[in-house]
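The structure appears below as structure tokens.
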């Protein structure tokens, strides 16, 4: 399901809450925060507390120097990967407005090429208002140009989505053909 707008604040909050249930966003504790801030964030794929303890000890990291943000969560990966993995079905124009507002309002605390740190709290009305299309008056040339840019961005998003879905269809068709072939081979061998 592609998301091109949010009807109200409750809908946006429900969507934002799902961000934390995707399995890609993890709760920050002191140990993981210390490791992430010191550049050791690749351990998150299979987080093991004893391995984290060993790594902290071997690196001589003082955990008390690293206090994670309240209700802090982390996505390990780039901002682009975060967008493509967690917010796959949000069209580009809406995602850009949502991301900018989440950052401006302190929901995205840090974002770089290695990780994104988020705050898990209900979204305020300002974020919802920022997601609304800002181009009510298309008589102004600047607004018309901006609307055109957003539409072009959304078309690229839809083309990418269609390409991905077509690849999946091709893969599934190949699997079906292989299974049918295997089934036919088994039927022939049982007749022999």
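Go through (1) over 11 Å from the mean Cα position of the chain (by Cα); (2) loosely packed, with under 15 Cβ neighbours inside 10 Å; (3) modelled with pLDDT of 90 or more for residue 80 and report which single condition fails.
(1)
Could you please let me know if residue 32 is out of contact with any helix residue (DSSP H, G or I) (no Cβ under 6 Å at 6 or more places or on another chain), modelled with pLDDT under 90 and buried (at least 17 other Cβ atoms within 10 Å of the Cβ)?
Values: out of contact with any helix residue (DSSP H, G or I) (no Cβ under 6 Å at 6 or more places or on another chain): yes; modelled with pLDDT under 90: yes; buried (at least 17 other Cβ atoms within 10 Å of the Cβ): yes.
Yes, satisfied.
Being surrounded by fewer than 10 Cβ atoms within 10 Å (Cβ to Cβ), on the phi < 0 side of the Ramachandran plot and modelled with pLDDT of 80 or more is true for just one of 105, 137, 112. Which residue is that?
Numbers: 105 fails: surrounded by fewer than 10 Cβ atoms within 10 Å (Cβ to Cβ); 137 fails: modelled with pLDDT of 80 or more.
The conditions single out 112.
Looking at residue 87 and the list (1) out of contact with any helix residue (DSSP H, G or I) (no Cβ under 6 Å at 6 or more places or on another chain); (2) modelled with pLDDT of 90 or more; (3) within 16 Å of residue 20 (Cα to Cα), which single condition is not satisfied?
Every condition holds for residue 87 apart from (1).
Report whether or not residue 64 is within 24 Å of residue 31 (Cα to Cα) and in a helix (DSSP H, G or I).
Values: within 24 Å of residue 31 (Cα to Cα): yes; in a helix (DSSP H, G or I): yes.
Spelling it out, residue 64 is indeed within 24 Å of residue 31 (Cα to Cα) and in a helix (DSSP H, G or I).
The values are calculated or read from the model by the stated rules, or taken from the named source; none is laboratory data. Everything numeric here is computed off the predicted structure, so don't read it as measured data. As a convention, Cβ positions derive from the backbone with ideal geometry for all residues, glycine included, and neighbour counts pool all protein chains shown.
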